[in-house]
Amino acid sequence: MTEIWADFFLLQDPNLRWVLAGTVMLGLSAGALGCFAVLRERALVGDAVAHSVLPGVCLAFIITGDKDPLALLIGSVVFGWISLLVMDFVIRNSKISTDTSIGMVLSVFFGLGVVMLTWIQNSGNANQSGLDAFLFGNAASMLPEDVLLFGFVSVMVLVTIILLFKELKLVSFDPGFATVIGYPMKRMEVLMATLLVVTITAGLQAVGVVLMASMLIIPAAAARYWTDSLVVMLVIAAGVGAISAISGTFVSYTAPSMPTGPWMVVSAAALFTLSFFFAPARGEFQKWRRRRRQQEKVSGENILKTLYKLEERDGLSARSRTRREILKKRRMEPASLKKGLRRLVSQGLVQHLKGQPSGYLLTEGGREEAKRIVRIHRLWELYLTEKLQLPGDHVHDPAESMEHVITPELEQQLMRILNNPEEDPHNKRIPKASPRSGGAAL
Amino acid sequence: MTHASKTGASAPPVEVHDLTVSYQNKPVLWDVDFTLPEGTLTAIVGPNGAGKSTLIKVIMGLIEPVSGHALIYGKPLQQMRKRIAYVPQRESVDWNFPVSVLDVVLMGRYAHLKMFRRPGRRDRELALQALEKVGMAAYSDRQIAQLSGGQQQRVFLARALAQDADIYFMDEPFAGVDASTEEHILQLLRELRSAGRTVIVVHHDLQTVSDYFDWVLMLNLRLVAIGPMETTFTKENLQKAYGGRLNILTQVIELSRRENFVRETEHD
Amino acid sequence: MTTFWIILTACLASAACALVGTYLVLRKQAMLGDAISHAVLPGIAIAFLLTASRNTFPMLLGAGAFGLLTVYLTEKLQERGRLMNDASMGIVFTTLFAIGVIIITLFASSVDLDHECILFGEIAYVPWDIWFFAGMNMGPRPVWILGLVLVINLIFILGCYKELKIYAFDRQLAVSMGIPVAFIHYGLMGTVSFSTIASFESVGAILVVALIVVPPATAYLLTRRLSVMLVLAVAFGVLSSLSGYYLAYITNTSIAGAIAVMAGIFFALALFFSPLDGVFIRRNRKVTLEAPEAVAGMAAGKNREDSIPLT
């Protein structure tokens, strides 16, 4: 096993070097270009173009009688273009919607390709074996001249994207504005279409028509979770494409019966799944953690507030309370109360007395914090009744959620607007902050 | 008040309690609470993004609120669906859909038909009557794409009439229609009112509000004011709904947008 | 006799697909057929591995499960992952298809399945796929399965005709009226999945897309009535099947491919020569400007800006 790893990564096998170079170039250019397709909401147009080049491949073969890579490239670029023009023509000239037009072009062109392919197969031309590699790709069979040609095409695509980055960005984001400031929109559209067709064509030998669209869509979608900057997104998408290419090639190198294309797609999908769950800021895991932290904060603040209100009820006597007493005052899950108290103890906001009497007691800092929350709650109630004329029985609920959100600055603004009030609408005293501490942050 | 008797109870047609709606954790309606009396023509006004369409969609159960609820004649919506009718914004449907004008109006009858049942002759008659009322009877066989904007709007109104409901919700019916359609719609609204129906209209033209409607509901994320036109449609309230920036409220809403909008149900 | 069975299979498949395809085209979800027909591959492969036979029933089950999984994952990914519908669909179905291809290659020695067959279908072999019931030769199995699916589709569409119509035209109104929209939605997705899977076994994934999208699109250009559109879609499906078979016969090529090509030719004819608003009619109308209302309607109805974009 280690030998295979060494063989692979030291690139001993010259054939492997070619294959790897080809797939990685493809991964890079498809990943980067795919960002524009996904952002312009044209993800499946690529799928239709990929299927539509099949008749072009077959026609080139029928004319030349050979699998000359340049002829095949030209044939498929021509048909890719025709498919785009047909889609556009149908949408412009009828009430057919975009998705129907895509599905129609995809299936009819592919059907035509299949008819031509079966015709070639039945014609008995000995050279035809291997043409069907275009359906699912067969990276392992790529010859150096294929790699040189398709690799060159991919490099050209990448260079164009880098040189015209600013223009492509604006055209994708706001075509109307681009037209107004005098961009040659027609030419830009033609350029973007050509880039798409060429990239797809270059990828056919590696992944095949059926899966080519995924090499455009998946890396771009994965990259979107990591960044809000288009440049970074392009780089990450290209990276995802390249890594998928390496792992796909690796699998089919170690297990020669395995097809490269599907493994590239599955690797890209795995990277997408990772991004979906674990990307910072946008990933599901982060979202879940943020939600949980927020809930912990809210439930901690509610416990502090309840302890304070108990003190307030009993005439501000600092006496420890059992969990049962707290639960009697405020309904909450006993388990989450227990956990919340433990957190508050470790934060030094609540003291846990073990002797007689046992129970929980606010520390000095905890009391300040509790006062701050109660203060905000009552200020907000007052604001809603006085400034927004909400009826008194409707202000508790909004205050209950806002007390966890309002910042010290807003609190001061509220105090100012309401003229440093003493009492809330229910005639409860609004606790003042102690002069020395402005309230500890949780 | 022919319909009050049909109702039997004295419950108001629309009651909204503590309604809060948030979209992807962003509040779009904030503790809205009101009651509408029977037989009124009410305009909902407010600036763009004030939540006008959202409000009627929540009442009709098209959007789930975060908290609060709406009642139709004192009962939950599910039991009262047959008594409400809806005129959506014109852009909400595909006008190339292969149906005729009469087909669209007949859809209004579906609420009264059991599953698997086809509309019958009586339904057709009602649909044709509704078309007659909006002055579109001559177009009943047209495909809907062949209509002008105003005609499309009238077809939607005819559909709502065919629903034969007690409460009508209309989302900007006057938007982008010609003068004659505007006149038709207005005529219809008045007929509905004199028949004792309750009509709630999202309206954007402040010039015409006081001429067309007798009640007004002013909205800007929260309920600014509601009541009879003369007493409610005041400069002061308009200022509150459109102009006067409630600085703190906007800041707080912004904050709760950034934080996760958590609302616990626990009470003391 | 073999010719008869092949043509009958193609006609049944095209009728079943055209019926549900009409609603997909109207709801602008045409690519769902493409997605489902690709994504069911792993389901078929797994069912095949587990039962070690080409028994249809487990295959339909496996495929059905993956068909619904595709719909579910696409919706979830769109909602949670903030992706556009087409991107999330593209991710889901290509990945599932890739997994299917891998499973098949992994067990190539034990699986008599060929992913190319799944793409193009093997309708020419249908007559030899005989169903024996109680020892009796009942004729080809696909004919029975597709016939059953066609009947189910007909029952669903005729039974829920008005609900489907309002669901497709104005979903919000349907909800506000209390029409069981969720039932209609999943009913439609279910019939789409079944039609796709049943047809796809005999005619291949790509032809399924052609049958779901192209005949309804052709019918859409020729009528302004939903009922007529349904009938025309079925008619064009059947017509494409017949002429496609003939084309394949004289050129000695793939039947499935030829049916798709014929469907495309009918579409092109409708696009140019439709008396309602074919390309030529539109050209003339621009010059004469006969009915001002009609022009206004066109302008209001069709948003000219949604033409494609070349990338």
Next item on the list: Check off (1) more than 9 Å from chain C (Cβ to nearest Cβ); (2) closer than 30 Å to B:Leu219 by Cα; (3) among the hydroxyl-bearing types (Ser, Thr, Tyr) for B:Ser92 and give me the number that stays unchecked.
Entry: (1)
Note to self: Just to verify a result, which residue in the stretch A:252-287, among those that are outside any helix (DSSP H, G or I), facing chain C (nearest Cβ under 10 Å) and of a type in the set (A, V, I, L, M), is surrounded by the most Cβ atoms within 10 Å (Cβ to Cβ)?
What the structure shows: A:Met258
Notebook entry, point to check: Which residues, taken from the stretch B:218-236, are touching a residue at least 60 places away in the same chain (Cβ under 8 Å) and not polar (S, T, N, Q)?
Noted result: B:Met218, B:Leu219, B:Leu221, B:Arg222, B:Leu223, B:Val224, B:Ile226
Margin query: On the basis of being surrounded by fewer than 24 Cβ atoms within 10 Å (Cβ to Cβ), more than 17 Å from A:Leu59 (Cβ to Cβ), within 14 Å of chain C (Cβ to nearest Cβ) and without any contact (Cβ under 8 Å) to a residue 40 or more places away in the chain, does A:Ser101 make the cut?
Written below: no
Notebook entry, point to check: Which is more than 11 Å from every other protein chain (Cβ to nearest Cβ) and modelled with pLDDT of 90 or more, of A:Phe110, A:Phe79, A:Phe89, A:Phe61?
Noted result: A:Phe79
Notebook entry, point to check: How many residues are crowded, with 20+ Cβ neighbours inside 10 Å and either of a type outside the set (A, V, I, L, M) or in contact with a Cys (Cβ under 8 Å, 6 or more places away or on another chain) (or both) if we restrict to the stretch B:54-64?
Noted result: 2
Margin query: Show the residue pairs meeting these rules: Cβ distance below 8 Å; 6+ apart or different chains; first residue within the stretch A:387-409 and at the interface with chain B (Cβ under 7 Å from one of its Cβ atoms) and more than 21 Å from B:Leu223 (Cα to Cα); second residue of a type in the set (Phe, Trp, Tyr) and surrounded by 22 or more Cβ atoms within 10 Å (Cβ to Cβ).
Written below: A:Ile406/A:Trp380
Next item on the list: Filter the stretch A:280-298 down to the residues that are more than 17 Å from C:Glu79 (Cβ to Cβ) and of a type in the set (A, V, I, L, M, F, W, C), then identify the one that is nearest to the chain's Cα centre (by Cα).
Entry: A:Ala281
Next item on the list: Those residues that are crowded, with 24+ Cβ neighbours inside 10 Å and either aromatic (Phe, Trp, Tyr) or not in a helix (DSSP H, G or I) (or both), I need them from the stretch C:38-82; list them, please.
Entry: C:Val40, C:Phe66
Checklist line | Qualifying positions in the stretch C:211-236 - under 18 Å from A:Val115 (Cα atoms) and either β-branched (Val, Ile, Thr) or modelled with pLDDT of 95 or more (or both) | finding: C:Val214
Item checked: Qualifying residue in the stretch C:203-225 (condition: of a type in the set (Ser, Thr, Tyr), more than 14 Å from chain B (Cβ to nearest Cβ) and over 13 Å from the mean Cα position of the chain (by Cα)) -> no
Item checked: Top-ranked residue of the stretch B:217-236 - restricted to ones that are part of a strand (DSSP E or B) and β-branched (Val, Ile, Thr), ranked as farthest from B:Gly51 (Cα to Cα) -> B:Ile226
Note to self: Could you check the stretch A:376-402 and list, in sequence order, the residues that are at pLDDT 80 or above and of a type in the set (A, V, I, L, M)?
What the structure shows: A:Ile376, A:Leu379, A:Leu382
Item checked: Condition broken by C:Gly187, with the remaining ones in (1) of a type in the set (Gly, Ala, Ser); (2) within 30 Å of B:Gln163 (Cα to Cα); (3) facing chain A (nearest Cβ under 9 Å) satisfied -> (3)
Checklist line | Hits in the stretch B:22-46 (condition: in contact with a helix residue (DSSP H, G or I) (Cβ under 9 Å, 6 or more places away or on another chain) and at pLDDT 85 or above) | finding: B:Val32, B:Asp33, B:Glu38, B:Gly39, B:Thr40, B:Leu41, B:Ala43, B:Ile44, B:Val45, B:Gly46
Item checked: Residue, farthest from the chain's Cα centre (by Cα), within the stretch A:339-358, restricted to residues that are in contact (Cβ under 8 Å) with a residue 40 or more places away in the chain and outside any helix (DSSP H, G or I) -> A:Val350
Next item on the list: Could you tell me which numbered condition B:Gln153 fails, if it satisfies all but one of (1) more than 29 Å from C:Gly159 (Cα to Cα); (2) away from chain C (no Cβ under 12 Å); (3) assigned to a helix (DSSP H, G or I)?
Entry: (2)
Margin query: Any residue that is touching a residue at least 12 places away in the same chain (Cβ under 8 Å) and within 15 Å of A:Ala202 (Cβ to Cβ) - is there at least one of those in the stretch A:162-174?
Written below: no
Check: Within the stretch B:109-130, can one find any residue that is part of a helix (DSSP H, G or I), within 8 Å of chain C (Cβ to nearest Cβ) and of a type in the set (A, V, I, L, M, F, W, C)?
Finding: yes
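The values are calculated or read from the model by the stated rules, or taken from the named source; none is laboratory data. What you are looking at is a predicted structure, and each value in this text was computed from that prediction instead of being measured. With ideal geometry, Cβ positions are generated from the backbone for all residues, glycine too; neighbour counts draw on all protein chains shown.
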